[in-house]
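Colleague: Quick one: structure below, then a few questions.
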2 protein chains.
Amino acid sequence: MGNDGAYVALGLKGWKGQIERADKLFGSLSAEEVQREIAPGRNRLLYLWGHLTAIHDAMLPLLGLGERLHPEFDAAFVSNPDKSQAATPSHEQVRQAWNAVNGELRKGMEGVSSSGWLQRHMAVSEEDFAKDPSRNRFAVLLSRTNHLSYHLGQAVLGHK
Amino acid sequence: MGNDGAYVALGLKGWKGQIERADKLFGSLSAEEVQREIAPGRNRLLYLWGHLTAIHDAMLPLLGLGERLHPEFDAAFVSNPDKSQAATPSHEQVRQAWNAVNGELRKGMEGVSSSGWLQRHMAVSEEDFAKDPSRNRFAVLLSRTNHLSYHLGQAVLGHK
């Protein structure tokens, strides 16, 4: 075991801190505000929120924590650009999905043992993992925290 | 020791990945492009680049790796908003400082032992660190990586 718990706690603290920041920023938006673009001609806040929800949803199977809750978010918020789809999830649907997905992740993450974070993530085979053991769950945690920060930096521009 | 090295390697990989991304994005800008605002009325790319340089420069003493190289960047890029100062470092000065600071950090980080990352950072006293051992160098590494991602998300908007 050694110091595993200390590193994992720091990784989780970073994740939770960014999630709280996103909760506050997106959670405070009105139905009108969420339609704002972060800059003229750029993504709307709702798109960023839905995008983050979809990417976090995909972390559930990636970390071996369960099935996705909202695979249908990918078409609206990942594989297609903003304003290209006729029907996309509503403000209320994104809010509910965001809360459900991050709640599920929180529960699941709490159940991962310290050394479990160094086990392979589910998008890498056992064979490939043997060649490159850095393709583990902790790497996913850090990279998704950075991804969240990246889009928070953008979202704050649309949030006057 | 145990798994310390594995966690540290993942933290450093994340840092280096974001630095490379920033190198490419900012390094490719012409003297004109660096004056662009990321959105109308918002920070210029040069301000973001200088801001990141100043915050990274401050990591040198914070991580116990040495003195700051460019403390004068704070007035231009941290404690005052963009376009508020009569004289700010030029494009070329920011480029040189960015490269010097991150080069110094890279060298310094390579010299920190795995368990050394769990030692206190220099802005916390030994007494306070005893109460909260999470205030360590690894926490600084992760939070500054997130900070870099946050502003990269913004900078990409100004970089057509």
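The values are calculated or read from the model by the stated rules, or taken from the named source; none is laboratory data. Small disclaimer: the values here were computed from a predicted structure and weren't measured. Please note: Cβ atoms are built from the backbone with ideal geometry, for glycine as well, and neighbour counts cover all protein chains shown. Just so you know, the surface numbers come from the protein's heavy atoms only, side chains and all, with ligands and any DNA or RNA stripped out. Shrake-Rupley method; radii C 1.70, N 1.55, O 1.52, S 1.80 Å.
Colleague: Are there any helices (runs of 4 or more DSSP H) wholly within the stretch A:71-160 with 1 or more residues that are in contact (Cβ under 8 Å) with a residue 60 or more places away in the chain and within 14 Å of chain B (Cβ to nearest Cβ), and if so which?
Modeller: It comes to A:137-158.
Colleague: Which residues, taken from the stretch B:17-30, are hydrophobic (A, V, I, L, M, F, W, C) and either open to solvent by 70 Å² or more (accessible area, probe 1.4 Å) or under 16 Å from B:Ala97 (Cβ atoms) (or both)?
Modeller: Of everything in the stretch B:17-30, those that are hydrophobic (A, V, I, L, M, F, W, C) and either open to solvent by 70 Å² or more (accessible area, probe 1.4 Å) or under 16 Å from B:Ala97 (Cβ atoms) (or both) turn out to be B:Ile19, B:Ala22, B:Phe26, B:Leu29.
Colleague: Further, regarding this structure: Residues to consider are B:Ala39, B:Ala22, B:Ala6; find the one that is touching a Gly at 6+ places or on another chain (Cβ under 9 Å) and of a type in the set (Gly, Ala, Ser).
Modeller: Only one candidate qualifies: B:Ala39.
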